[in-house]
Amino acid sequence: MTVPAAMMRKVLLTACAWLVALVVLAPYVQMLLTALKPHEELFASPPGYLPESWQFGNFLEVWRVAPIWEYLRNTVLIAGLSTVLAVAVALPAAYYTARRRFRGRRMFLLLVLVTQMFAPTALVIGIHREMLALGLIDTYAALILVNAAFNLAFSTWILHAYFSSIPVELEEAAWLDGCGTLQALLRVTLPLAVPGVVTAVIFTFITAWNEFVVALTLTSTPETQPLTVGITAFIGQYEVQWQYLFAASLIAIVPVVALFAYIERFLVSGLTAGSVK
Amino acid sequence: MATVHYDGATRWYQGTERPAVDSLDLRIDDGEFLVLIGPSGCGKSTSLRMLAGLEDVDAGRVRIGETDVTALPPKQRDIAMVFQNYALYPHMNVADNMGFALKIAGRSKDEIRQRVRDAAQLLDLEDYLDRKPKALSGGQRQRVAMGRAIVRQPQVFCMDEPLSNLDAKLRVSTRTQIAALQRRLGTTTVYVTHDQVEAMTMGDRVALLDEGVVQQCGTPRELYERPANVFVAGFIGSPAMNLRQGRLTEHGADIGGMTVPVSRQARATAASDGDGAVTVGFRPEAIDLVGEDEGVAATVTLVEELGSDAYCYTTFRERESAPGEVDVVARIDPRKPPAKGETVHLRVRPDETHVFSTATGARIPG
């Protein structure tokens, strides 16, 4: 390839990358700009792209007009505990299916996958009845259980894949070095499965954080409602307070982005390089 | 230090027709270097893993010293193993890899450091103690795997084809290093390989397995000079022994027109046993190239020159009564190899032939 052609290729690729980034980011920019507009400007015709008077106060005001703190606390608790529960259940299941050959192993893994095919929306009535019977309506427990359950399949599969990729000889070496089964798992296998665990954590946490339909169905008071449900309070019967809705949405996004930025460094690949061969 | 006893040890995988290891009886002396060798799937690795506790024993027993370890988990057997793929802990540096067992055993930090350093010195690894396995070459990784075993000072070393991932040249030098190290440490060692050169050069004794059964166990020289059956005769030695079915005659055994000398005793035993159909074996080095009237005329099809040796692949037509071709490999003087297509005359030296029963494959003494 000639030098100008290589240059051309590079420029084109960069341009494409920026284009994709722009498409992805555009809604967020729109959200931010709308969140900074005063109420009267929202329905101005013709609509302006930039606010004429910048209302940075909207971001402070929103905490006052709705119990954002409570919603945020609920979301953090529900998403966090769902993640802990899902990973705690998926880890042993994934380890066992990766290491042992037993009758019905493939069937089990397929069944786990099949559960992933049901959308929460399709099951929401059943779930509501179930929680009603259990007396768990309008509790954290209900949302934690449901969120953990819906993310179990993905967590099990990703961890299963990770455990399968770790050579069994490493565990055997640990056994011969004096470890019991659990000790070998904790000291050798689990440290090597960290990228898989991180993937499962991120996926589960984000899904639970963004979950809306089930939370809307199962909760009815600000004491238990997560942010996704809470911010719908800005959608009134006659008008939508877009500036607050978007301000609260942006507030909801920040913790997830921060978490992802922090945890992403553990997603290094090739952790097992050099162990075998 | 300890002896190892396999006492009718059997491993039978579910859904297979025959046991992977069939009532293995082996006694390995204290400090001995025993090599398990055989073709793929012969049960040599399974036997080793039964000793290490990584494989269940379905029948029989395994003992280390006076202890019956048949039902003990690996961690209670005091065995160190070197795996074919080394199985180094990728998240630990070399020092931690080597000291891991001592750490689990609760030894003091000072003791661990000292013993790791001693082992590292022995294996020329001192400069790499802080490195992770991925930053090491193949040979260094192999040495770390060895180091992890010797730091332990275990009762028994188990080695499962530890050299097969090294390149040819390194394999030869590491082979002698491991053998020397074992002599020096005096630790009982069971070594699995499919490479007969490793088996012949490293082992005090060699056990040759096929289909889960020991075919012969003895010193390398015994296996080479007095193979117990046709399988051993064909497996040990490279190029392989010439093995041909033939008929006993007054002068020896006749294979397609070539008469191979067979001892009187062997002839007598074979004749009393049955029909006189035997399998005759002679190694390439048991053949002399002779003058026109003294041996069988054969055509050279290929000459392999190895520098110190040369092997001549020849073929001759059988007598008209039983048309067909007989292939014979002969070791020849590397300084004057015949050309391809040339006719040479072969004669098998007396006293260097092996006779086996065609029916059972067993050696007929003589």
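Loosely packed, with under 13 Cβ neighbours inside 10 Å and either over 23 Å from residue A:85 (Cβ atoms) or under 25 Å from the mean Cα position of the chain (by Cα) (or both) - does that describe any residue in the range A:124-137?
yes
What single numbered condition from (1) more than 9 Å from every other protein chain (Cβ to nearest Cβ); (2) open to solvent by 60 Å² or more (accessible area, probe 1.4 Å) fails to hold for residue B:84?
With (1) more than 9 Å from every other protein chain (Cβ to nearest Cβ); (2) open to solvent by 60 Å² or more (accessible area, probe 1.4 Å) applied to residue B:84, the lone miss is (1).
Yes/no per residue for (1) within 12 Å of chain A (Cβ to nearest Cβ); (2) within 21 Å of residue B:236 (Cβ to Cβ); (3) of a type outside the set (Phe, Trp, Tyr):
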| site | (1), (2), (3) |
| --- | --- |
| B:36 | no, yes, yes |
| B:48 | yes, yes, yes |
| B:53 | yes, no, yes |
| B:59 | no, no, yes |
| B:78 | yes, no, yes |
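Of the residues A:169, A:223, which is modelled with pLDDT of 90 or more, in contact with a Phe, Trp or Tyr (Cβ under 6 Å, 6 or more places away or on another chain) and open to solvent by 40 Å² or more (accessible area, probe 1.4 Å)?
A:169
For the range A:185-195, how many residues are open to solvent by less than 30 Å² (accessible area, probe 1.4 Å), more than 9 Å from chain B (Cβ to nearest Cβ) and free of Cβ contacts under 8 Å to residues at least 60 places away in the same chain?
Selection size over the range A:185-195: 1.
Looking for whichever is open to solvent by less than 30 Å² (accessible area, probe 1.4 Å), within 30 Å of residue A:141 (Cα to Cα) and touching a His at 6+ places or on another chain (Cβ under 6 Å) here; the options are A:94, A:90, A:86. Which one fits?
None of the other options fit; the residue is A:94.
Yes or no: residue B:52 touching a residue at least 24 places away in the same chain (Cβ under 8 Å), of a type in the set (A, V, I, L, M, F, W, C) and within 15 Å of residue A:179 (Cβ to Cβ)?
Against the criterion (touching a residue at least 24 places away in the same chain (Cβ under 8 Å), of a type in the set (A, V, I, L, M, F, W, C) and within 15 Å of residue A:179 (Cβ to Cβ)), residue B:52 qualifies.
Of everything in the range B:272-289 that's at pLDDT below 90 and open to solvent by less than 60 Å² (accessible area, probe 1.4 Å), which residue is farthest from residue B:235 (Cα to Cα)?
B:274
Looking at the range A:138-150, I want the residues that are in contact (Cβ under 8 Å) with a residue 12 or more places away in the chain and on the phi < 0 side of the Ramachandran plot and have a partner that is in a loop (DSSP other than H, G, I, E, B) and surrounded by 23 or more Cβ atoms within 10 Å (Cβ to Cβ) with Cβ atoms under 7 Å, at least 6 apart or on another chain. Which pairs are those?
Going by the 7 Å Cβ cut-off, the qualifying pairs are A:147/A:211.
Can you pull out every residue in the range B:40-52 that is modelled with pLDDT under 95 and out of contact with any strand residue (DSSP E or B) (no Cβ under 6 Å at 6 or more places or on another chain)?
If the condition is that a residue be modelled with pLDDT under 95 and out of contact with any strand residue (DSSP E or B) (no Cβ under 6 Å at 6 or more places or on another chain), then B:40, B:41 are the ones that fit.
Across the range B:29-57, what is the total count of residues that are touching a helix residue (DSSP H, G or I) at 6+ places or on another chain (Cβ under 9 Å) and closer than 20 Å to residue B:189 by Cβ?
Residues that pass the stated criteria total 11.
Within the range B:145-164, which residues are part of a helix (DSSP H, G or I) and charged (D, E, K, R)?
B:148 - this is the single residue of the range B:145-164 that is part of a helix (DSSP H, G or I) and charged (D, E, K, R).
Please name all residue pairs, on different chains or six or more residues apart, with Cβ atoms under 9 Å, provided the first residue is in the range B:234-257 and is farther than 14 Å from residue B:296 by Cβ and the second residue is open to solvent by less than 40 Å² (accessible area, probe 1.4 Å) and of a type in the set (D, E, K, R).
Filtered contacts from the range B:234-257: B:235/B:210; B:237/B:283; B:239/B:283; B:240/B:283; B:241/B:283; B:247/B:254; B:248/B:254.
Pairs needed: first member in the range B:88-114, more than 18 Å from residue A:176 (Cβ to Cβ); second member anywhere, charged (D, E, K, R) and exposed (fewer than 15 other Cβ atoms within 10 Å of the Cβ); C-beta distance under 6 Å; at least 6 residues apart or different chains.
Pairs that qualify, where the first residue is more than 18 Å from residue A:176 (Cβ to Cβ) and the partner is charged (D, E, K, R) and exposed (fewer than 15 other Cβ atoms within 10 Å of the Cβ), are B:93/B:130.
Take the range A:138-166 and flag every residue that is open to solvent by less than 50 Å² (accessible area, probe 1.4 Å), under 23 Å from the mean Cα position of the chain (by Cα), within 21 Å of residue A:188 (Cβ to Cβ) and hydrophobic (A, V, I, L, M, F, W, C).
The answer is A:158, A:159, A:163.
Enumerate the pairs (first residue in the range B:130-154 and more than 24 Å from residue B:168 (Cβ to Cβ); second residue anywhere and among the β-branched types (Val, Ile, Thr) and assigned to a helix (DSSP H, G or I)) with beta-carbon separation below 7 Å, excluding pairs fewer than 6 apart on the same chain, so at least 6 apart or on different chains.
B:131/B:94; B:151/B:116
Yes/no matrix, rows are residues, columns are (1) open to solvent by less than 100 Å² (accessible area, probe 1.4 Å); (2) farther than 15 Å from residue A:248 by Cβ; (3) at pLDDT below 95; (4) touching a Ser or Thr at 6+ places or on another chain (Cβ under 8 Å):
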| position | (1), (2), (3), (4) |
| --- | --- |
| A:8 | no, yes, yes, no |
| A:20 | yes, yes, no, no |
| A:26 | yes, yes, yes, no |
| A:29 | yes, yes, yes, no |
| A:32 | yes, no, yes, no |
| A:36 | yes, no, yes, no |
| A:41 | yes, yes, yes, yes |
| A:45 | no, yes, yes, no |
| A:51 | yes, yes, yes, no |
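Which residues, taken from the range B:6-39, are open to solvent by 10 Å² or more (accessible area, probe 1.4 Å), among the β-branched types (Val, Ile, Thr) and touching a Ser or Thr at 6+ places or on another chain (Cβ under 9 Å)?
B:10
Working carefully through the options B:96, B:110, B:124, B:118, find the one that is more than 10 Å from every other protein chain (Cβ to nearest Cβ) and in a loop (DSSP other than H, G, I, E, B).
Exactly one of B:96, B:110, B:124, B:118 is more than 10 Å from every other protein chain (Cβ to nearest Cβ) and in a loop (DSSP other than H, G, I, E, B), namely B:124.
Which of the numbered conditions does residue B:42 fail, given that it passes all the others? Conditions: (1) within 14 Å of chain A (Cβ to nearest Cβ); (2) open to solvent by less than 60 Å² (accessible area, probe 1.4 Å).
In the conditions (1) within 14 Å of chain A (Cβ to nearest Cβ); (2) open to solvent by less than 60 Å² (accessible area, probe 1.4 Å), residue B:42 misses (1) alone.
Step by step: first the residues of the range B:127-144, then only those that are of a type in the set (Lys, Arg) and part of a loop (DSSP other than H, G, I, E, B), then the one that is farthest from the other protein chains (Cβ to nearest Cβ). Which residue is that?
B:131
The values are calculated or read from the model by the stated rules, or taken from the named source; none is laboratory data. All of these numbers come straight from a predicted model, not from anything done at the bench. Cβ coordinates were reconstructed from backbone atoms using ideal geometry, including for glycine residues, and neighbour counts include every protein chain displayed. Just so you know, the surface numbers come from the protein's heavy atoms only, side chains and all, with ligands and any DNA or RNA stripped out. Shrake-Rupley method; radii C 1.70, N 1.55, O 1.52, S 1.80 Å.
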